[in-house]
Structure formats: structure tokens, C-alpha cells
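Asks: Dumping the structure here so I can ask a few things about it.
The values are calculated or read from the model by the stated rules, or taken from the named source; none is laboratory data. The structure displayed is predicted, hence computed values, not measured ones. We place every Cβ from the backbone using ideal geometry, glycine too, and count neighbours over all the protein chains shown. Surface areas here come from the heavy atoms of the whole protein model, side chains and all, with no ligands, DNA or RNA. Shrake-Rupley method; radii C 1.70, N 1.55, O 1.52, S 1.80 Å.
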Amino acid sequence: MASRGTTETSKLKQNLEEQLDRLMQQLQDLEECREELDADEYEETKKETLEQLSEFNDSLKKIMSGDMTLVDELSGMQLAIQAAISQAFKTPEVIRMFAKKQPRQLRTRLAEMDRDLMVGKLPRDLYTQQKLEILTALRKLGEKLTGDDEMFLSTNAGTALSQFERVSTDLGSGDKVFALASVEVEKTKQ
């Protein structure tokens, strides 16, 4: 019996997730090796990776305009790309978990960070940045946050995260998110 596109849709989704994983890993590796690269090499590599993300964004846009069955699955990827391009999120690991809709892994990462902060393994400023990213991602995934987490967000959220959250909430539909992501890509290129 014919799969009626189910198999193809599944394979396409898997390929897209793998491509997104590869690009996010590339960004993460770049950040981890930043000290070993000179400034020009770092900027050039980051620019190339952002251009690849832009091309990936364009591909997603084409797919979404022709295949509405993938819209829900691709919306998370869109927001992750938007976050990476707009640099609202600086941690590729968080972007990847957000794109894959993995709230449990995000909460595990948050617990690990709490522990690392207590033992002095993680600087306070990096902890604050990553905790903000994780809490924002959890909120976008519809997860319930504690009162303390909400307070932390409102006290520490910067403009980039606030803009990302406001835009992604206001937009709702995939086409509008794509339109915004395309604008952000163009800004990044200039």
C-alpha cells in the first residue's frame, strides 16, 4: 500500500533536522574554538555559517509554501534559525534543543548549570545568559515556569531576547515568522 507521502515527509523532516543539527554544531564548535582562531578567521567562519543558515531558511520557506503538512514541525526550526540569526540566543546547544522541542533536556541543562555555578565551574555572567536563553526557550515551548524563573526572566531579559519573544508571540503563523527571519537574514548580510 502506498505511504501517501508519509515516508517521504518523515525522511524530509529527518534530513532537515540533520542539516539544522550540523549548522548548530558548526556554530557551537566555532564558539568553543574561538580562542584558537584569530579575529578575522573567526568572523569569516561565523559569516559563512550564518550564510548557510540563511540558505537553509530559504529552503524551508520554499518547502513550507508547497507542503502545509510540515508547517507545525518546521515552525520550531524557523524560530531556532531566527534566534540564531538575530543572535537573541548565543548558545547553539540551547538553540538545538529548542528547535527539536526538547524541554526535558533544557531543564536538565539548567540543573547542570545550577550545579556548575555552585562549584565555581561556571562564571555568573555566562550562567545568567544561558539561563535566560533556556527559560525563554522553555516558555516558547509552552512549559510552565516557576515564580522564581519568571522573576529571573523579567529582571535579566535583555532587548534581544525580549524582541525575539515578542515577535515570535505576535507572529504565530509560519509564513510571518519566515518573513521576519528573512528580514533578519538580510540585516545580518549588510
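Asks: Are there any pairs, at least 6 apart or on different chains, whose C-beta atoms fall under 6 Å, with the first in region 91-120 and not assigned by the TED database to the domain that holds Glu32 and of a type in the set (Lys, Arg) and the second open to solvent by 20 Å² or more (accessible area, probe 1.4 Å) and at pLDDT below 75, and if so, which?
Replies: Close Cβ pairs satisfying both conditions: none exist.
Asks: Look at region 99-149 and say how many of its residues are over 25 Å from Asp21 (Cα atoms), small (Gly, Ala, Ser) and not in a helix (DSSP H, G or I).
Replies: Looking only at that region, the number is 1.
Asks: Please verify whether region 42-52 includes one or more residues that are hydrophobic (A, V, I, L, M, F, W, C), modelled with pLDDT of 70 or more and either within 26 Å of Tyr127 (Cβ to Cβ) or part of a helix (DSSP H, G or I) (or both).
Replies: The first filter runs over region 42-52 and keeps only residues hydrophobic (A, V, I, L, M, F, W, C), leaving 50.
Right, trim to modelled with pLDDT of 70 or more and you get 50.
Keeping just the survivors that are either within 26 Å of Tyr127 (Cβ to Cβ) or part of a helix (DSSP H, G or I) (or both) gives 50.
Checked against the condition, which is being hydrophobic (A, V, I, L, M, F, W, C), modelled with pLDDT of 70 or more and either within 26 Å of Tyr127 (Cβ to Cβ) or part of a helix (DSSP H, G or I) (or both), region 42-52 yields at least one hit.
Asks: Have a look at Leu20, Leu30 and point out the one that is at pLDDT 85 or above and of a type in the set (A, V, I, L, M). Reasoning before the result, please.
Replies: On the way: Leu20 fails: at pLDDT 85 or above.
Exactly one of Leu20, Leu30 is at pLDDT 85 or above and of a type in the set (A, V, I, L, M), namely Leu30.
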